[in-house]
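The values are calculated or read from the model by the stated rules, or taken from the named source; none is laboratory data. These figures come from a predicted structure and were not determined experimentally. All Cβ positions, glycine included, derive from the backbone under ideal geometry; neighbour counts span all protein chains shown. Quick note on the areas: whole protein, heavy atoms, side chains included, nothing else; ligands and nucleic acids left out. Shrake-Rupley method; radii C 1.70, N 1.55, O 1.52, S 1.80 Å.
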Amino acid sequence: MLYSDKVMDHFRNPRNVGSIENADGVGEVGNAKCGDIMKIYLKIDNDVVTDVKFETFGCGSAIASSSMATEMIKGKPVDQVLTLTNKAVVEALDGLPAHKLHCSVLAEEAVKAALKDYFDKNGIAYDASLLPDVSCADCHEH
Ligand code: FES
């Protein structure tokens, strides 16, 4: 079986799909090679992600990764969300095929782009090394 049960579950029933009006942070990233796009909306209160929604125009692994990522960051303090990695998302999904790992990178980058947007909008200082420039649409082959 190429895909784990968890990947199939999140692909078929993605959690937190949609958008948030007046979101505190919005992040959109794309993969230049496959053309897939992911957008994450964050609602943040007292430094806690109280709500998160996503829209993904992409492959099944990208949908499963964003769905899992939203579940992992919902209710979490911002500083914890900052440390989210695509590796953790992949582990939570019980793995992805090697040629699909870059799809999970898109999820990590979209979350980080949304956080960056939140920090920038609110004039909050942040450690730039934790938020590399994720706005570029370069392909990330990992
Ligand atoms: Fe493009 Fe999966 S193939 S994100």
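Worth a mention:
- Kyte-Doolittle at least -0.5, axis length at least 24 Å by Cα - qualifying DSSP helices, the chain: 101-122
- Difference of contour (0.36 nm per residue) and Cα-Cα distance, A92 to L2: 30.8 nm
- Only Cα pairs under 8 Å and 6+ residues apart enter the sum, and on that basis the relative contact order of region 1-69 stands at 36 percent.
- FRET E, pair N122, H99, Förster distance 30 Å, beta-carbon r, rounded to 0.05: 0.20
- Charge dipole (the chain, unit charges on Cβ, about Cα centre) - positive-most of A62, Y3, V111: Y3
- For the chain, a simple Cβ point-charge model (Lys and Arg +1, Asp and Glu -1, everything else neutral) yields a dipole of about 300 debye relative to the Cα centre.
- M72 accessible area, assembled protein chains, probe 1.4 Å, Å²: 50 Å²
- Unit charges on C-beta of K, R, D, E only; dipole of region 1-60, Debye: 300 debye
- Whole-number percent relative contact order across the chain, with pairs defined as alpha carbons under 8 Å at least 6 apart: 31 percent
- Just the protein heavy atoms count here, and of the accessible area of the chain at 1.4 Å, carbon and sulfur take up 51 percent.
- A straight line joining the Cα centroids of region 12-39 and region 68-116 runs 12 Å.
- With the simple spin-label model, which puts each label point 7 Å out from Cα in the Cβ direction, the A32 to T50 separation comes to 3.9 nm.
- Nitroxide proxy distance, nm - points 7 Å out along Cα→Cβ at L130 and T83: 0.9 nm
- In the context of the full set of protein chains, the chain has a per residue accessible area of 49 Å² (1.4 Å probe).
- Each distinct pair of alpha carbons in the chain adds a 1/r term; the inverse of their mean, the Kirkwood radius, is 14.7 Å.
- Residue among S104, S19, S129 with the largest mean-square fluctuation in a Gaussian network model of the chain, springs linking Cα atoms under 10 Å: S129
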